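Colleague: The following block contains the structure, expressed as structure tokens.
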Amino acid sequence: RKEVEQDPGPFNVPEGATVAFNCTYSNSASQSFFWYRQDCRKEPKLLMSVYSSGNEDGRFTAQLNRASQYISLLIRDSKLSDSATYLCVVRTGNYQLIWGAGTKLIIKP
Amino acid sequence: SQTIHQWPATLVQPVGSPLSLECTVEGTSNPNLYWYRQAAGRGLQLLFYSVGIGQISSEVPQNLSASRPQDRQFILSSKKLLLSDSGFYLCAWTDDGQLPSIYGYTFGSGTRLTVV
């Protein structure tokens, strides 16, 4: 089992819809969690950190479920510009950051 | 403001040839610097990180090496490239003093390397 797993997608979603995807992690001692966004052939950029109580940033909501060992990202009122690959990152110890392979999201007009 | 520069953007190299990728950071001092590789359909893999001039830590064994000759310069090298070295190479930096940052990385624009 991979340490961090994501559904590769693609998720094809109509503009304006709500979409959510999860990321599971295997190490129960994982400490910090992040979502990054990566546009095609570009570098990843930090989208948001994931806090234990869940957090929201505009149309984006991130949640952590420690019991089931997954984090989620929900995007409301999706825009064409949300099309990208979303990378899950898990910090497992003092210096280990494990990256998921990403979930590809395509927003269609 | 801080910026990170990485070049070249794309590179096609024959098997067995040498490699040198350069990354520089501006607008900060004593950054933590990282080299990552992203293979198609896979997560980012940390190759090297550096907390200071001449200090290099390797995360995975490979035929690559890294050097940090100056505070804000990080170089990834190989003496002889393999087909398996193809991928998207990303330089990144953080300045919060922790390895790796819990606040996330700032990445360079990447080098897409194809070994033929």
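The values are calculated or read from the model by the stated rules, or taken from the named source; none is laboratory data. Just so we're clear, the structure is a prediction, and the values are computed from it rather than from any experiment. No Cβ is skipped: glycine too gets one built from the backbone with ideal geometry, and neighbour counts run over all protein chains shown.
Colleague: Hey, can you tell me all the residues within the stretch A:42-82 that are part of a loop (DSSP other than H, G, I, E, B), within 14 Å of chain B (Cβ to nearest Cβ) and of a type in the set (S, T, N, Q)? Walk me through it before giving the result.
Modeller: Start the filter on the stretch A:42-82 by keeping residues that are part of a loop (DSSP other than H, G, I, E, B), which leaves A:42-43, A:51-54, A:58-59, A:66-69, A:76-79.
Filter once more, keeping what is within 14 Å of chain B (Cβ to nearest Cβ): A:42-43, A:51-52.
A:52, the sole residue that qualifies.
Colleague: Right, here's the next one. Kindly indicate whether any position in the stretch B:22-30 is under 16 Å from the mean Cα position of the chain (by Cα), crowded, with 17+ Cβ neighbours inside 10 Å, in contact (Cβ under 8 Å) with a residue 60 or more places away in the chain and under 25 Å from residue A:96 (Cα atoms).
Modeller: Checked the stretch B:22-30: at least one residue is under 16 Å from the mean Cα position of the chain (by Cα), crowded, with 17+ Cβ neighbours inside 10 Å, in contact (Cβ under 8 Å) with a residue 60 or more places away in the chain and under 25 Å from residue A:96 (Cα atoms).
Colleague: Tell me which strands (runs of 3 or more DSSP E) are completely within the stretch B:56-116 and hold 2 or more residues being at pLDDT 95 or above and within 10 Å of chain A (Cβ to nearest Cβ), or say none if there are none. Break it down into steps so the answer makes sense when it comes.
Modeller: Details: elements: B:64-70, B:73-78, B:87-94, B:111-115.
Answer list for the stretch B:56-116: B:87-94.
For (1) charged (D, E, K, R); (2) under 14 Å from the mean Cα position of the chain (by Cα); (3) surrounded by 19 or more Cβ atoms within 10 Å (Cβ to Cβ), each residue gets a yes or a no:
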{"site": "A:2", "(1), (2), (3)": "yes, no, no"}
{"site": "A:12", "(1), (2), (3)": "no, no, no"}
{"site": "A:15", "(1), (2), (3)": "yes, no, no"}
{"site": "A:26", "(1), (2), (3)": "no, no, no"}
{"site": "A:40", "(1), (2), (3)": "no, no, no"}
{"site": "A:45", "(1), (2), (3)": "yes, yes, no"}
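Colleague: Would you mention how many residues in the stretch A:10-41 are within 13 Å of chain B (Cβ to nearest Cβ), touching a residue at least 60 places away in the same chain (Cβ under 8 Å) and among the small types (Gly, Ala, Ser)?
Modeller: Adding up the residues that qualify gives 1.
Colleague: Residue check: is residue B:10 hydroxyl-bearing (Ser, Thr, Tyr), touching a strand residue (DSSP E or B) at 6+ places or on another chain (Cβ under 6 Å) and surrounded by fewer than 16 Cβ atoms within 10 Å (Cβ to Cβ)? Can you show your working first?
Modeller: Details: hydroxyl-bearing (Ser, Thr, Tyr): yes; touching a strand residue (DSSP E or B) at 6+ places or on another chain (Cβ under 6 Å): yes; surrounded by fewer than 16 Cβ atoms within 10 Å (Cβ to Cβ): yes.
Judged against the criteria, residue B:10 is a match.
Colleague: Taking the stretch B:34-53 on its own, how many of its residues are under 20 Å from residue A:42 (Cβ atoms) and part of a strand (DSSP E or B)?
Modeller: First, the residues of the stretch B:34-53 that are under 20 Å from residue A:42 (Cβ atoms): B:34-47.
Next, from what is left, pick out any that are part of a strand (DSSP E or B): B:34-38, B:44-47.
Number satisfying all stated conditions: 9.
Colleague: Please enumerate the residues belonging to the stretch A:92-109 that are part of a strand (DSSP E or B), over 10 Å from the mean Cα position of the chain (by Cα) and buried (at least 20 other Cβ atoms within 10 Å of the Cβ).
Modeller: Within the stretch A:92-109, A:97, A:98, A:99, A:105, A:107 meet the criteria.
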